[in-house]
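Visitor: First the structure, then my questions, so here it is.
The values are calculated or read from the model by the stated rules, or taken from the named source; none is laboratory data. Values in this document were obtained by computation on a predicted structure and should not be read as measured data. Glycine also receives a Cβ, built like all others from the backbone with ideal geometry; neighbour counts cover every protein chain displayed. The protein model used for the area step is the full one, side chains on, heavy atoms only, and it has no ligands, DNA or RNA in it. Shrake-Rupley method; radii C 1.70, N 1.55, O 1.52, S 1.80 Å.
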Amino acid sequence: MLVEEIMKTDVFTLSSDQTVQDVMDLFKEKRIRHAPIVDDGKVVGIVTDRDLKDAVPSRFTVAPKGEPYKKKVAEIMTPNPVTAHPLDFVEEVAMIFYEYKIGCIPVVSNDELVGFLTETDLLYTFIELTGAHQPGSQIEVRVENRSGILYEVSKVFHEQNVNVLSVLVYPDRENNSNKILVFRVQTMNPLAIINDLKKEGFDVLWPNMPQVNE
């Protein structure tokens, strides 16, 4: 999946010479928590609700409250932010979020802002990709880390005529020679599938159902 498939294209922006009050007004009106800063058509920074909280005094502060709100955005923004391209893969951008510990990223093409992506967008995408928003069951199976193993496990679901919504693969932290397969399947009663998986010798980690025949 590409960034252009999930990014927002209707982006609310600010310029570096606007004020903290402008940021507050925009965030409140549009109900957003991040905004790219654009000068002369180019992204020069990012401002977030955290930047805003750091810039504005507490409501319990006795000092005059007028001056902080007149600060320029350039004084509180994060300059030269990391950017993404519309044709970047979503998983690669997710790694950027993870490595840089950021909550949003401008999407730039030919030096122009074309979109905006937030951690919430990534979360919604992950939910859709895993099928977690659809009725179903999750089954986790520990398998050998070898070629063809996914096909062997999938045959059990095929024989039970159960639709697989998604498959995720995780490393087994206890044994590098194994993998954990996480299936999201379109059934509310996975008992028969679990039973057949165990009959085929697969190690079902979840659901852990003692009543299933070994």
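Visitor: Given 112, 99, 140, which one is open to solvent by 70 Å² or more (accessible area, probe 1.4 Å) and either under 23 Å from residue 205 (Cβ atoms) or under 19 Å from the mean Cα position of the chain (by Cα) (or both)?
Guide: 99
Visitor: Shifting gears a bit: Within the range 74-118, track down each residue that is acidic (Asp, Glu) and either in contact with a Pro (Cβ under 9 Å, 6 or more places away or on another chain) or closer than 20 Å to residue 49 by Cβ (or both).
Guide: So the first thing to find is which residues in the range 74-118 are acidic (Asp, Glu), and the list is 75, 88, 91-92, 99, 111-112.
Scanning the range 74-118 gives a single hit, 75.
Visitor: Could you tell me how many of the residues in the range 20-39 are open to solvent by 30 Å² or more (accessible area, probe 1.4 Å) and over 19 Å from residue 115 (Cβ atoms)?
Guide: Qualifying residue count for the region: 6.
Visitor: Moving on to the next point. May I ask you to say which residue of 128, 91, 75 is out of contact with any helix residue (DSSP H, G or I) (no Cβ under 6 Å at 6 or more places or on another chain), at pLDDT 95 or above and open to solvent by 50 Å² or more (accessible area, probe 1.4 Å)?
Guide: Working: 128 fails: at pLDDT 95 or above; 91 fails: at pLDDT 95 or above.
The match here is 75.
Visitor: Another one. Can you work out which of the residues in the range 164-192 that are without any contact (Cβ under 8 Å) to a residue 24 or more places away in the chain and farther than 17 Å from residue 202 by Cα is surrounded by the most Cβ atoms within 10 Å (Cβ to Cβ)?
Guide: Looking at the filtered set, the residue picked out is 164.
Visitor: Report, ordered by the first and then the second residue, all pairs with beta carbons closer than 8 Å, sequence separation of six or more or different chains, a first member in the range 31-56 that is closer than 23 Å to residue 121 by Cα and polar (S, T, N, Q), and a second member that is open to solvent by 30 Å² or more (accessible area, probe 1.4 Å) and assigned to a strand (DSSP E or B).
Guide: 48/78
Visitor: Has the range 43-61 got at least one residue that is farther than 18 Å from residue 118 by Cα, open to solvent by 40 Å² or more (accessible area, probe 1.4 Å) and in a helix (DSSP H, G or I)?
Guide: Looking for residues that are farther than 18 Å from residue 118 by Cα, open to solvent by 40 Å² or more (accessible area, probe 1.4 Å) and in a helix (DSSP H, G or I), one finds at least one in the range 43-61, hence yes.
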